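Okay, so here's the structure we're looking at.
The values are calculated or read from the model by the stated rules, or taken from the named source; none is laboratory data. Note that the structure is predicted; figures quoted are calculated from it, not measured. Here the Cβ positions follow ideal geometry from the backbone for every residue, glycine too, while neighbour counts run over all protein chains shown. Just the protein is used for accessible areas: all its heavy atoms, side chains included, with ligands, DNA and RNA removed. Shrake-Rupley method; radii C 1.70, N 1.55, O 1.52, S 1.80 Å.
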Amino acid sequence: MRDTDLREAASLIDRAERIVIFTGAGVSAESGIPTFRDALSGLWEQFDPRRLATPEAFGDDPALVWGWYEWRRAAVERVEPNAGHRALAAIEQRAAECVVVTQNVDDLHERAGSHEPIHLHGSLFAPRCSACGRPAAATEAGVPNTEVPKAEVPKAEVSEGRVTPPQCDRCGAPIRPGVVWFGEALPADAFEAAVAAAANCDVLITVGTSGVVFPAAEIPQVTARMGGTVIQVNPGPTPLDAVARVNLRGTAAEVLPVLVSM
Ligand code: OAD
């Protein structure tokens, strides 16, 4: 990563009045939460999203799906925000206006001090009824006690982590994770707020996303189309390279603290 790129990014951030921070799984990687598409370590390398992250999968086998999300929630609860999350919270604090938009279902931005990030893909901590939509408390009960999905566990054995979901106390239907599954629409309010912020910002900082899942991946494109500046932090190339004025090739916890210290 070139020093001139870092300086340019720091100066753009410094001069910006309205900032959007747009994050994906990569920002939480250094906290110990796996990404989705990184070779070998990515969740979708180990698990079949059609069996775990679709409405059909939940209909076919609610305990398998609920158990997998409870396993992921328990994993998030065991880890801490990293220096990347904290640096982003510092950028937010200094900016006149800043909106954090995340595709992540963890709560690490909040725990690092970000103010009400927009969760485009929902949250592991907002379960709701699968039939009537009533919000349910995130339960402690139901966390699988088996050390489920490990890299070497073949896909067929994910069933070890089955946990029967609790029932809605209003209508009795199974509670589902409060996340967006493949084939589902994004929460309309969240998406509209994110598009509006992206369209009106001076600078959008995209961190740790592969930029291949739509419509979320549209967000940095909106900024670029409206004449705003996109800064990207990612150790590897992505389709967003094409719209980023500055590409900072490195990890979130390495690059972002340097950026805020300049
Ligand atoms: P991906 O797994 O697709 O991409 C992660 C990105 O983070 C890659 O571009 C990596 O190069 C980068 N990365 C890895 N380690 C990093 C680090 N330490 N610092 C910075 N970047 C790092 O994850 P997302 O783009 O978040 O959706 O995936 C988008 C959506 O696809 C997710 O929200 C999820 C998934 O299917 C749903 O579940 C609906």
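Residue count for the stretch 249-259, restricted to those that are open to solvent by less than 20 Å² (accessible area, probe 1.4 Å) and either under 11 Å from Gly208 (Cα atoms) or under 18 Å from the mean Cα position of the chain (by Cα) (or both): 3. Note on the stretch 191-224: residues that are among the polar types (S, T, N, Q) and more than 16 Å from the ligand (Cβ to nearest atom) total 2. Being open to solvent by less than 40 Å² (accessible area, probe 1.4 Å) and either assigned to a strand (DSSP E or B) or closer than 25 Å to Pro49 by Cβ (or both) holds for only one residue in Val222, Val230, and it is Val230. Scanning the stretch 192-219 for residues that are in a loop (DSSP other than H, G, I, E, B) and more than 16 Å from Gln103 (Cβ to Cβ) returns Cys201, Asp202. Take Ser123 and decide whether it is at pLDDT 95 or above, among the hydroxyl-bearing types (Ser, Thr, Tyr) and in contact with a Phe, Trp or Tyr (Cβ under 8 Å, 6 or more places away or on another chain). When the stated conditions are applied, Ser123 does not pass them. Between Ala75, Ala89, the distinction of being at pLDDT 95 or above and either of a type in the set (A, V, I, L, M) or within 16 Å of the chain's Cα centre (by Cα) (or both) belongs to Ala89 only. Summed over the stretch 241-255, the residues that are assigned to a helix (DSSP H, G or I) and more than 9 Å from the ligand (Cβ to nearest atom) give a count of 2. Which one of these is within 16 Å of the ligand (Cβ to nearest atom), in contact (Cβ under 8 Å) with a residue 60 or more places away in the chain, in a helix (DSSP H, G or I) and open to solvent by less than 30 Å² (accessible area, probe 1.4 Å): Arg73, Arg51? Going through Arg73, Arg51 in turn, the sole match is Arg73.
Name the one entry in Val99, Val105, Val163 that is at pLDDT 95 or above, away from the ligand (no atom under 16 Å from the Cβ) and buried (at least 21 other Cβ atoms within 10 Å of the Cβ). Before you say what the answer is, go through the steps one by one.
Numbers: Val105 fails: away from the ligand (no atom under 16 Å from the Cβ); Val163 fails: at pLDDT 95 or above.
When all the criteria are applied, what remains is Val99.
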